[in-house]
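S.K.: Got a structure for you, questions after.
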Amino acid sequence: MENPEGLPLTRSLVRVALDTPLRRLFDYLPARESLHEARPGARVRVPFGRQRLVGVVHSLPAESDVPPEKLKPLLEVIDADPVIDASVMELIEFAAQYYHHPIGEVIASALPKLARSGAAARAAVERWFATEAGLAALADGGLKRARRQLELLEVLRDEPGVASGALTERAGDWRTPMRALVERGYVSSADVPIEHAAPARELIRTAGPPLSDEQATAVAALDGAAGRFAPFLLHGITGSGKTEVYLHAVEHALRRGKRALVLVPEIGLTPQLVGRLRDRFAVPVAVLHSGLTDSERLDAWRQCVSGAARIVLGTRSAVFAPVADLGIVIVDEEHDASFKQHESGFRYSARDLAILRAQRAEVPIVLGSATPSLETLQNVAGGRFGRLSLPRRAGQALPPRVAVLDLRAQPVRAGIATPAVEAMQRHLGAGGQVLVYINRRGYSPTLACTACGWIAPCRDCDARLTVHLAAQRLRCHHCGADAPLPEKCPQCGYAVRHVGQGTERVEETLAALFPSAPIARLDRDVVRRRGDLETVVSRVASGEARILVGTQMVTKGHDFPSVSLVVVLNADQGLFSTDFRAPERVAQTIVQVAGRAGRGTRPGEVLIQTEYPEHPLLTSLLSEGYDGFARAALAERAAAGWPPFAHVAALRASAQTLAAATAFLGQARGQLTALQRSPARVARGVKLLGPAPAAMTKRGGRYHAQLLLESPDRAALHRTLDAWLPGVESLKTPRELRWSLDVDPLELF
Ligand code: ADP
Ligand code: ZN
Ligand code: ZN
């Protein structure tokens, strides 16, 4: 488009993404006066109804659908330079489309909270100066009657540019006299950007061990892929030296002047990997995870924005971190469900987006795991991902011996079979440590009446309340309900008993069996505050604790070299789940827990207690290892048409009645079948399952149901979602009804 003079029109509008549930962008006029030009990826402050919001510039369009007289100007351009670069913006746009989520909310999840409210992208220090007038007043002997102001002004004269922090240390409450000085015009302040320390000359602080042949092959493959997109699975059992391969890949990226992005599934894993990165490299490492305070998060993000951080390590949302000049992406424990945000808001897989990010940045990506997801294994089988294997343990560690204990054929006391007790005795006697895994926290999962059959239920869920004996509470692990522990049956007044085991009870039993062996427990009840995890881990790592009892938490990354025996107390939970992914999760947990045995020089032993020793999952796992299990499981998925051989999206709804939730899903289904019958036949080949009540229908006082869409053709599924969702959004629903879409759901609950 050209104006009459033949000059191109300036692109004068600013299109902004705002953190609202509305699936659209908002147009504004440029700011009336502003220090900076609005550029894509920079934050701006805008009027929005009666609010003022911080948004991110998406683009600078020439025209708007909104009539010009209705457009309002930006209030302020916050950033001189974009805080979201073009490649991350592309990733965000892709994610918004793929997960069918409002782009403003996607962008919001890419920014730390304080950045979303407009905090400066560059760290600055407030510094104070005496003005000419102030200095003149001092020279004239002024301020005689305002001693605190006088003293403060003298400090500024002697030390121009003193920082606020330093004043607080020295002068206590200096703000009041300073305000008076400002009013007199005697002082001024300025925000001076913090200079980041110059990059260290040496990259490497401490060299690692010489690589094994397999490790060297893996590192060479990654090197050979530098500068282009190449996804690799790094498959290696726990302790096989995967982290060492990551460290080398990071080193090579750094040597090429690039940066590294490392994703881990959980906060629990970060301290360990951060420690190893910082021990190895002299360059700044920024750490981003949800356990940080808001200001720590802002700080880490600023290190990314400024480019000071050469290595960025974080959990889920770090996949959107502003890391320029990316050289490599690493996803550790790629199979871990924590990479998928599935609870609320923007439901995305950080692992899948990391692959996309690497693709856009044209760099290699390593997905590491001892128990790769079936999706990733299928990508390897299809030739889309390269495979790097570390089949042996690094150092001298031997693979553990694994055996199954048939619970039906053994005397069992408080959930522990006699041969397991004997094995513990043996290992403790030989100076080893023992790890006992049980997938349940609390004392016992059930409180039952000895007379009338009453069982403590959760009022708001289809679930039983868990006994927490030490705390004397009954708690629901699904909705958080929390009540005092009754001593008698509330129904008939007879005595109650605790049925089944949780970590707390196992700890009690083991303390009675092995009174001289100190026990550490690791579960979410023990680890509540920052530092709790480290405390438990160090008790075990130092050898002070001889027995460790814990939930899945024990499988996450910590290296306990002296653990020589692992006992899995209940492998059976999950063997008979309706969720098609349950077997995969059971196998992964067993292999991960077993991997804790014998990481040092002691040979390890693993005992798996089960009532179903002939279950095909267990037998294939035991006879052929994880690879054998995965082959069988993939064949089953292919036969049943489940992912990765099909693509799934779940429309979920919850309401105060099951009927309301199901009715909504029924209407949505009706719209979809209408689409399928329409001449364009958009949704052809997309199979619909449901609406059906969720496996745990009542949860948190609400009733949950879902409708599944399934197609072997990913593109067809997404065309369908695109055509269908606007209709779903316009459905008239009761106010209290909530619904959400989950693309590539990990759990079908
Ligand atoms: P993973 O990440 O697969 O669990 P790590 O990289 O943490 O494995 O290695 C396990 C242990 O073996 C660590 O203590 C590590 O320092 C050591 N290690 C790794 N590679 C080697 C090697 N090539 N030679 C000797 N020790 C190694
Ligand atoms: Zn009773
Ligand atoms: Zn509940």
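Each value in this text was obtained by applying a stated rule to the coordinates, not by laboratory testing. Since the model is a prediction, treat every value here as computed from it, not as a measurement. Neighbour counts are summed over all protein chains in view; Cβ atoms, including those assigned to glycine, are modelled from backbone coordinates with ideal geometry.
S.K.: Loop-only check: which GluC sites (Glu not before Pro) in region 59-106 are DSSP coil with at most 13 other Cβ within 10 angstrom? Please list the in-between numbers first.
M.R.: Numbers: sites: GLU63, GLU69, GLU76, GLU90, GLU93, GLU105; in loops: GLU63.
When the GluC sites (Glu not before Pro) of region 59-106 are filtered for loop state and at most 13 Cβ neighbours within 10 Å, GLU63 remain.
S.K.: Between ARG384 and GLU126, what is the label-to-label distance in nm when each label sits 7 Å out along the Cα-to-Cβ direction?
M.R.: According to this spin-label approximation, the distance is 5.2 nm.
S.K.: Separate question: Which of the three applies to region 616-686, rounded, prolate or oblate, going by the alpha-carbon gyration tensor with a ≥ b ≥ c and a/c under 1.5 meaning rounded? Don't skip to the answer; put the middle values down first.
M.R.: Values: a/c = 5.32, a/b = 1.91, b/c = 2.79.
Oblate shape, in that a/c is at least 1.5 and b/c is the bigger or equal ratio.
S.K.: Among bridges DSSP assigns within the chain, what percent are antiparallel (round to 5)? Present the calculation step by step, with values, prior to reporting the outcome.
M.R.: Values: 65 of 117 bridges.
DSSP beta bridges in the chain are roughly 55 percent antiparallel.
S.K.: Right, another one. Expressed as a whole number of Å, what is the distance separating the alpha-carbon centroids of region 680-749 and region 360-407?
M.R.: When both Cα centres are located, 33 Å separates them.
S.K.: Next up: What residues qualify as long-range amide H neighbours of ALA282, i.e. H under 5 Å apart, gap of 5 or more or another chain, H built at 1.01 Å from N?
M.R.: ILE204, ARG205
S.K.: Put +1 on the Cβ of every Lys and Arg and -1 on every Asp and Glu Cβ in the chain; which of VAL606, MET696, ILE455 then has its Cα farthest towards the positive end of the dipole?
M.R.: Working it through, the farthest residue towards the positive pole turns out to be ILE455.
S.K.: What do you get for Rg/Rh over region 161-285 if you use C-alpha atoms and the Kirkwood form of Rh?
M.R.: Numbers: Rg = 23.3 Å, Rh = 18.8 Å.
My calculation of the ratio gives 1.24.
S.K.: Helix 147-158: angle to the longest alpha-carbon principal axis of the chain, degrees 0 to 90, nearest 10?
M.R.: Tilt of helix 147-158: around 90 degrees.
S.K.: Any idea which of PHE645, GLY239, THR168 is furthest toward the positive side of the dipole for the chain, if Lys and Arg beta-carbons carry +1 and Asp and Glu beta-carbons -1?
M.R.: Value: PHE645.
S.K.: Relative to the first principal axis of the alpha-carbon coordinates of the chain, what is the inclination of helix 242-255, with its axis defined by its Cα atoms, in degrees from 0 to 90 and to the nearest 10?
M.R.: Rounded to the nearest ten degrees, it is 20.
S.K.: Kindly provide the trypsin sites (Lys or Arg not before Pro) of region 463-571 that DSSP labels as loop, not H, G, I, E or B, and whose Cβ sees at most 10 other Cβ atoms within 10 Å. Mind showing how you got there, number by number?
M.R.: Numbers: sites: ARG464, ARG473, ARG475, LYS488, ARG497, ARG505, ARG521, ARG524, ARG528, ARG529, ARG530, ARG539, ARG546, LYS556; in loops: ARG524, ARG528, ARG529, ARG530, ARG546, LYS556.
Passing sites in region 463-571 are ARG528, ARG529.
S.K.: Any idea what the dipole of region 596-697 comes to, in debye rounded to 20, about its Cα centre with Lys/Arg Cβ at +1 and Asp/Glu Cβ at -1?
M.R.: My answer is approximately 660 debye.
S.K.: Next up: In region 555-577, whose amide N lies under 11 Å from the spot 7 Å out along Cα-to-Cβ of ALA430? List them in ranges.
M.R.: 564-565
S.K.: Once you place label points 7 Å from the Cα toward the Cβ at ARG684 and ARG401, how far apart are they in nm?
M.R.: My value for the distance between the label points is 6.2 nm.
S.K.: Stretched out fully, how many nm does the piece from ALA723 to SER290 gain, at 0.36 nm a residue minus the Cα gap? Present the calculation step by step, with values, prior to reporting the outcome.
M.R.: Working: separation 433, 0.36 × 433 = 155.88 nm, distance 3.52 nm.
In short, 152.4 nm is gained.
S.K.: Karplus couplings for region 18-35 from phi (6.51 cos²θ - 1.76 cosθ + 1.60, θ = phi - 60°), rounded to Hz, Gly and Pro as x?
M.R.: Per-residue couplings from phi come out as 10, 6, 9, x, 6, 7, 7, 9, 10, 9, 9, 7, x, 5, 5, 10, 7, 5 Hz.
S.K.: OK, next. Provide the FRET efficiency to the nearest 0.05 for the GLN491-ARG524 pair, computing r from the beta carbons and using R0 = 35 Å. Intermediate results must be reported in sequence, preceding the final value.
M.R.: Working: r = 30 Å, r/R0 = 0.87.
The pair GLN491/ARG524 has a calculated efficiency of 0.70.
S.K.: Is it possible to state the helix-based mean residue ellipticity at 222 nm for the chain, with each DSSP H run of 4+ residues giving -39500 (n - 2.57), the sum divided by total residues, to the nearest 500 deg cm²/dmol? What is it? Don't skip to the answer; put the middle values down first.
M.R.: Working: 20 runs with 239 residues, N = 749.
It lands at -10000 deg cm²/dmol.
S.K.: According to the square roots a ≥ b ≥ c of the eigenvalues of the Cα gyration tensor, what is the shape class of region 445-509, taking rounded for a/c under 1.5, prolate for a/b larger than b/c otherwise, and oblate for the remainder?
M.R.: On the way: a/c = 1.69, a/b = 1.11, b/c = 1.52.
The shape class here is oblate.
S.K.: Another question about this same structure. Quote to one decimal, in nm, the extra length available between GLU90 and ASP460 on full extension: 0.36 nm per residue of separation minus the C-alpha distance between them. Spell out each step's value before the answer.
M.R.: Numbers: separation 370, 0.36 × 370 = 133.20 nm, distance 4.22 nm.
Computed gain between GLU90 and ASP460 is 129.0 nm.
S.K.: I've got another one for you. Beyond 30 Å between alpha-carbons counts as too far, so tell me which of LYS556/LYS687; LYS113/LYS258; LYS258/LYS340 fall in that bin. Intermediate results must be reported in sequence, preceding the final value.
M.R.: Values: LYS556/LYS687 37 Å; LYS113/LYS258 28 Å; LYS258/LYS340 27 Å.
Table pairs above 30 Å Cα-Cα are LYS556/LYS687.
S.K.: Another question, if that's okay. Karplus couplings for region 697-711 from phi (6.51 cos²θ - 1.76 cosθ + 1.60, θ = phi - 60°), rounded to Hz, Gly and Pro as x?
M.R.: Karplus values, whole Hz, x for Gly and Pro: 5, 9, 9, x, x, 10, 9, 10, 9, 8, 10, 9, 10, 9, 8.
S.K.: Nearest 20 debye, what's the magnitude of the dipole of the chain about its Cα centre given +1 on Lys and Arg Cβ and -1 on Asp and Glu Cβ? Present the calculation step by step, with values, prior to reporting the outcome.
M.R.: On the way: 91 positive and 80 negative charges, 237 e Å.
Here the chain has a charge dipole of around 1140 debye.
S.K.: A follow-up question, please. Kindly provide the GluC sites (Glu not before Pro) of region 464-562 that DSSP labels as loop, not H, G, I, E or B, and whose Cβ sees at most 15 other Cβ atoms within 10 Å.
M.R.: Values: sites: GLU487, GLU504, GLU507, GLU508, GLU534, GLU544; in loops: GLU487, GLU544.
Answer in residue order: GLU487, GLU544.
S.K.: Let me ask another. Angle, helix 418-429 long axis vs. longest principal axis of the chain, Cα atoms, 0 to 90°, nearest 10?
M.R.: 60
S.K.: If you stretched the chain out fully between ASP627 and ALA715, how much longer would it get, using 0.36 nm times the residue separation minus the C-alpha to C-alpha distance? Show your work: numbers first, answer last.
M.R.: Values: separation 88, 0.36 × 88 = 31.68 nm, distance 2.98 nm.
Length gained between ASP627 and ALA715: 28.7 nm.
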